[in-house]
Amino acid sequence: MFLGILEYRAESAGRGLAPAAPRDTSRTCPRQACGHTGADNRITREEFRCARCGYAGHADRGGAVNAGIRAGLVLPVA
Ligand SMILES: [Zn+2]
């Protein structure tokens, strides 16, 4: 229902909709070459630091990048 409304609104605005599974997006390293997933990546609610490769950044940004990667919309963090 919600996705149907969202899709209609997106089409009305001349945009497309690309749903992405949200599971573990905030616990997964946004570096595509790494992609380590684990609760140990989250230092605090805001802070993300990959336990495998050391990538650090805001947890919400990494989560958004991961959702975008799954939807095929954005490039991964280098
Ligand atoms: Zn990593």
| said: Regarding the range 40-60, can at least one residue be identified that is under 19 Å from Gly72 (Cα atoms) and in contact with an Asp or Glu (Cβ under 8 Å, 6 or more places away or on another chain)? | reply: yes
| Can you pull out the residues in the range 8-51 that are more than 9 Å from the ligand (Cβ to nearest atom) and hydrophobic (A, V, I, L, M, F, W, C)? | Ala10, Ala13, Leu17, Ala18, Ala20, Ala21, Ala39, Ile43, Phe48
| Criterion (under 15 Å from the mean Cα position of the chain (by Cα), within 14 Å of the ligand (Cβ to nearest atom) and outside any strand (DSSP E or B)) met by exactly one of Gly62, Gly54 | Gly62
| If His36 passes every condition in (1) under 16 Å from Ala67 (Cα atoms); (2) of a type outside the set (Phe, Trp, Tyr); (3) out of contact with any Cys (no Cβ under 9 Å at 6 or more places or on another chain) but one, which one does it miss? | (3)
| said: Looking at the range 14-42 only, could you name the residues that are surrounded by 12 or more Cβ atoms within 10 Å (Cβ to Cβ) and part of a loop (DSSP other than H, G, I, E, B)? | reply: Leu17, Ala18, Ala20, Asp24, Cys29, Pro30, Gln32, Cys34, Gly35, His36, Gly38
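Every read-out reported here was derived from the displayed coordinates using simple, explicitly stated rules and does not represent laboratory data. Since the model is a prediction, treat every value here as computed from it, not as a measurement. So basically every Cβ, Gly included, is an ideal-geometry build from the backbone, and we count neighbours across all protein chains shown.
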